[in-house]
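The values are calculated or read from the model by the stated rules, or taken from the named source; none is laboratory data. Remember, it's a predicted structure, so these values are computed and weren't measured experimentally. Please note: Cβ atoms are built from the backbone with ideal geometry, for glycine as well, and neighbour counts cover all protein chains shown. Protein only, heavy atoms only, side chains kept; ligands, DNA and RNA dropped before computing areas. Shrake-Rupley method; radii C 1.70, N 1.55, O 1.52, S 1.80 Å.
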Amino acid sequence: MNDALATSPRRYALSFTTGALLAREGALLAPVYVGRRDWEQVRDDAVEDNLLQARTHSTGVRLVRETVKRLSALTDDEVGMLIEATASERAHLMWAAACRRYELIGEFAEEVLRERYLTLASTLAYEDFDSFVRTKAFWHEELAAIKESTLQKLRSNVFKMLQQAELLSDAGYIMPAVLSERVAARLSARTPSDLRFFPTQTDTEQGAAW
């Protein structure tokens with residue numbers, strides 16, 4: 001029994017229904033972290049001062065908590081880059097943060113979004129996400145147990161993130177990622193490379209294919 005438990009896949013975190021890409025929020029909290037270097041302090045300061053300009057205290061708490069979760073998945077250098085990044089760079093970094101923080105999103109990005117791009121499929125639809133979740137549910141009981149309404153929220157938020165990151169058009173067409181050199185360098189420096197989360201193909205991969 002212990003052996004079975006030891007080989008069970010890690011449970012997916014499924015708490016990404018607050019906000020979408022959170023690029024604006026990330027840009028607002030990044031300078032606070034650079035000054036504090038303490039995520040707990042960032043969270044407390046942001047809530048107390050309503051840095052995200054939420055309409056209610058409870059909404060502010062949720063937004064701050066979720067943004068900090070995503071930002072803490074980035075390196076200190078990447079958080080610093082958010083401060084003076086272009087809108088496109090910021091969106092790409094926050095997409096990478098979401099993929100790192102939430103394994104389900106990262107696997108969907110790599111196994112479905114990028115795979116479809118590399119095999120010249122031009123679109124990505126809700127059905128692709130649902131099929132992906134059904135397959136993962138064989139090994140993850142937390143997915144098999146979720147309500148349809150929860151699945152719809154998760155799916156909707158992932159697609160909103162993709163659209164806000166300019167990786168998917170409103171009509172569902174996959175948009176090749178145009179990464180700046182410095183963002184691409186940061187992402188590719190990781191092992192495995194975080195370029196796997198984007199609809200793109202590197203020169204190295206093209207060479208390896210030959």
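Out of Ala30, Ala87, which single residue is over 15 Å from the mean Cα position of the chain (by Cα), open to solvent by 10 Å² or more (accessible area, probe 1.4 Å), within 23 Å of Leu179 (Cα to Cα) and at pLDDT 95 or above? So that I can check it myself, show each step before the final result.
Numbers: Ala30 fails: open to solvent by 10 Å² or more (accessible area, probe 1.4 Å).
Of the residues listed, the single one that is over 15 Å from the mean Cα position of the chain (by Cα), open to solvent by 10 Å² or more (accessible area, probe 1.4 Å), within 23 Å of Leu179 (Cα to Cα) and at pLDDT 95 or above is Ala87.
Within the set Ala73, Ala91, the sole residue that is in contact (Cβ under 8 Å) with a residue 24 or more places away in the chain and not in a helix (DSSP H, G or I) turns out to be Ala73.
Of all the residues in the range 93-122, those that are among the polar types (S, T, N, Q) and either open to solvent by less than 50 Å² (accessible area, probe 1.4 Å) or modelled with pLDDT under 95 (or both) number 0.
Quick grid of which residues meet (1) closer than 22 Å to Arg186 by Cβ; (2) assigned by the TED database to the domain that holds Ser180:
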residue: Trp39; (1), (2): yes, no
residue: Leu52; (1), (2): no, no
residue: Glu103; (1), (2): yes, yes
residue: Glu110; (1), (2): yes, yes
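Could you tell me which of the residues Ala165, Ala171 is open to solvent by less than 20 Å² (accessible area, probe 1.4 Å), modelled with pLDDT of 95 or more and of a type in the set (Gly, Ala, Ser)?
Details: Ala171 fails: open to solvent by less than 20 Å² (accessible area, probe 1.4 Å).
After ruling out the rest, the residue left standing is Ala165.
Remark: pairs (first residue in the range 39-53, of a type in the set (Val, Ile, Thr); second residue open to solvent by 40 Å² or more (accessible area, probe 1.4 Å); Cβ separation under 7 Å; 6+ apart in sequence or on different chains) = Val42/Arg36. Restricting attention to the range 50-91 and to residues that are of a type in the set (S, T, N, Q) and touching an Asp or Glu at 6+ places or on another chain (Cβ under 9 Å), the residue that is nearest to Arg36 (Cα to Cα) turns out to be Thr67.
Let me confirm something: among Thr67, Thr75, which residue is under 17 Å from Arg24 (Cβ atoms) and polar (S, T, N, Q)? Full working, then the answer.
On the way: Thr75 fails: under 17 Å from Arg24 (Cβ atoms).
After ruling out the rest, the residue left standing is Thr67.
If you go through the range 58-65 one residue at a time, do you hit one that is closer than 30 Å to Ala137 by Cβ and of a type outside the set (D, E, K, R)? There is at least one residue in the range 58-65 that is closer than 30 Å to Ala137 by Cβ and of a type outside the set (D, E, K, R). Is at least one residue of the range 132-143 on the phi < 0 side of the Ramachandran plot, among the acidic types (Asp, Glu) and open to solvent by less than 30 Å² (accessible area, probe 1.4 Å)? Yes - at least one qualifying residue is present in the range 132-143.
If you go through the range 174-193 and keep only what is touching a residue at least 24 places away in the same chain (Cβ under 8 Å) and either small (Gly, Ala, Ser) or surrounded by fewer than 18 Cβ atoms within 10 Å (Cβ to Cβ) (or both), you end up with Met175, Pro176, Ala177, Val178, Ser180, Arg182.
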